[in-house]
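Bear in mind that the values in this text are calculations on the coordinates, not laboratory data. Just so we're clear, the structure is a prediction, and the values are computed from it rather than from any experiment. Cβ placement follows ideal geometry from the backbone for every residue including glycine, while neighbour counts extend to all protein chains displayed.
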Amino acid sequence: NLKSMADLVAHSKHRGFIFQSSEIYGGLGSCWDMGPLGVELKNNIKQSWWKAMTYRDDVDGVDAAILMHPTVWKASGHVDNFTDPLVDCKVCKSRFRADNIDLSAPCSNCGAKDSFTEPRNFNLMFSTQMGPVEDTSAKVYLRPETAQGIFVNFPNVQTTMRRKLPFGIAQIGKAFRNEITPGNFIFRTREFEQMEMQYFIKPGTQAEAMEMWKELRWNWHLENGLRKERLQWKKHEQLAHYADAAFDIEYQFAHGWGEMEGIHSRTDFDLKQHQEYSKKNLNYVDQLDGNKKYLPYVLETSVGCDRCMLAVMSDAYRTEFPGDAEKERVVMRFKPSLAPIKAAIMPLMKKPDLEGPATALLRELQKDFKCEYDTAGSIGKRYRRQDEIGTPACITVDFDTLTDHSVTVRDRDTMVQERVALDKVKSYIKEKFSL
Ligand code: ATP
């Protein structure tokens, strides 16, 4: 099991999952780049979420722009309230979130006593200029959440898709927050991706919608292979003024329990605000209830894609001692459908006789899966490398293949090897690993 975040950071870099952003320039604080394996894993997580959330009768997807009309953020409350309390140490100039530290204690960085400034509110939104003129009218924000792109599109989606309540709108996209204290690898960063869904419902039905989505979202994390004992619910005791119920799904990360997903009942706060600021009528006409006009309530599910990926990687990471003959192995026990590489094809030796059938098999499997072709080093070493990146199937082409037209397929988790006919390999893998 993963002992420290540092082990995962090192492993991620070593095997090509995640690199520090702009590394050759010394890196940029808490920004990370997805490497070749990271982007596959992340795409698979997104695909799993997209399927679960939108391949249903009652949810459509959108992909809204990151830059939005500045009044959106006035209406949503972000311009005025999306702040964290900030203090500086007057001696070493370190910055802290005032609600995270004991202000009467010495500075944790330089040890100075009574050195903190008064807390002040710090807005977490990044702003930038739109167009060539640097005046205030051109100020726009990088969205701090994807949700507002959904709220402002509520009437568009409802009418074009001829939706009746309840229905949802889902979106995956980048969000930006100028966090005061980012950290813990990709747990808290300033640029991240969210996977959010707003479910528009008839007022009064929020309790049943909450029950339904709590169950669906909890099960989704389990289906991704996360261990149940590392997940827990946290009920918000103090609710935001617009919310009437809120729960988080927390995961036990290497640095402790942390929020991974929020499931919040937001009433009609957001639509009401946008109706007021845009002066557009956002009412829904309920044909099933005497053409009553009202603003729907919203049940929101919001999960950080990067945090989810951190949980999936933390959960999958194992060090094992598989028997006397073998040394310790690190293995990423990803659920096969999430694994970045599904199959590694390995000719026993670099000989044309073996490479011919091996590359033919590679071409065939590549039509359906991301595969690797590896000829370097002993088979044992090649297996280890694939274990470390979580590849479910290693396929060896050997000299027997030339006569029996079969290959050896080794299972990542059990390490059991089976002989499978060349023309059955694809269906064998598909079935065995539910791909
Ligand atoms: P936190 O309390 O950790 O700051 P939050 O309550 O502000 O999070 P929400 O606004 O509810 O978070 O955002 C929904 C989800 O987006 C979170 O559950 C988390 O998974 C993800 N998220 C939020 N902020 C960040 C961040 N800075 N880096 C990575 N993921 C984030």
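Please enumerate, by chain and number, the lysines with C-alpha under 19 Å from the C-alpha of Lys234, excluding those fewer than 8 residues away in the same chain.
Lys214
Whole-Hz ³J(HN,Hα) for each residue in segment 14-29, computed from phi via Karplus 6.51 cos²θ - 1.76 cosθ + 1.60 with θ = phi - 60°, x for glycine and proline: what do you get?
4, 9, x, 8, 9, 10, 5, 5, 6, 4, 5, 9, x, x, 10, x
Compare the Cα positions of Met197, Thr319, Asn43 along the charge dipole of the chain (+1 at Cβ of Lys, Arg; -1 at Cβ of Asp, Glu; about the Cα centre) and return the one farthest towards the positive end.
Asn43
What's the extension gain from Lys46 to Tyr25 if we count 0.36 nm per residue and subtract their Cα-Cα distance?
Result: 4.5 nm gained on full extension.
Can you give the log10 of the normalised intensity I(q)/I(0) at q = 0.08, 0.11, 0.12 Å⁻¹, computed with Debye over equal Cα scatterers of the chain?
For the requested q values the scattering log ratios are -0.57, -0.97, -1.09.
With r defined as the distance between the Cβ atoms of Glu211 and Lys432 and R0 fixed at 45 Å, what FRET efficiency is calculated, to the nearest 0.05?
0.80
As an exercise, find the ratio Rg/Rh for segment 137-202 from alpha-carbon atoms, using the Kirkwood inverse-distance average for Rh.
Using Cα coordinates only, the ratio equals 1.10.
Ranking request for peptides 205-212, 337-344: highest mean number of other beta-carbon atoms within 10 Å first, then the rest in descending order.
337-344, 205-212
What value does segment 1-139 have for Rg/Rh, both radii from Cα atoms and Rh as Kirkwood defines it?
Radius of gyration over Kirkwood radius for segment 1-139 works out to 1.06.
Would you kindly derive the ³J(HN,Hα) couplings of segment 81-92 from the backbone phi angles with the Karplus curve 6.51 cos²θ - 1.76 cosθ + 1.60 (θ = phi - 60°), listing them in order in whole Hz, with x for Gly and Pro?
3J(HN,Hα) across segment 81-92, in whole Hz: 10, 7, 10, 10, x, 10, 10, 10, 7, 5, 8, 9.
May I ask which of Lys350/Lys424; Lys13/Lys42; Lys3/Lys342 have a Cα-Cα span longer than 19 Å here?
Details: Lys350/Lys424 24 Å; Lys13/Lys42 15 Å; Lys3/Lys342 26 Å.
Result: Lys350/Lys424; Lys3/Lys342 exceed 19 Å.
What Cys residues in the chain are without a partner cysteine, judged by a Cβ distance under 4.7 Å?
For the chain, the answer is Cys31, Cys305, Cys308, Cys371, Cys394, because their Cβ atoms have no other cysteine Cβ under 4.7 Å.
Taking the simple approach of a point 7 Å from Cα along Cα-to-Cβ for both Arg95 and His69, what is their distance in nm?
The modelled label-to-label distance comes out at 3.1 nm.
Enumerate by residue number the trypsin sites (Lys or Arg not before Pro) in segment 66-146 meeting two conditions: DSSP loop (anything except H, G, I, E, B), and at most 15 other Cβ atoms within 10 Å of the site's Cβ.
Taking segment 66-146 and a limit of 15 other Cβ atoms within 10 Å, the loop trypsin sites (Lys or Arg not before Pro) found are Lys90, Lys93, Lys113.
Run the dipole for the chain about the Cα centre, Lys and Arg Cβ at +1, Asp and Glu Cβ at -1, nothing else charged, and hand back the magnitude in debye, nearest 20.
Working: 60 positive and 61 negative charges, 77 e Å.
Dipole magnitude for the chain comes out near 380 debye.
So, by mean Cβ neighbours within 10 angstrom, what's the order for 29-37, 280-288 with the highest one leading?
29-37, 280-288
Over all alpha-carbon pairs of segment 341-432, lay out the pair-distance distribution in 10 Å bins, whole %, shortest bin first.
Calculated over all Cα pairs of segment 341-432, the distribution is 18, 58, 24, 0 percent.
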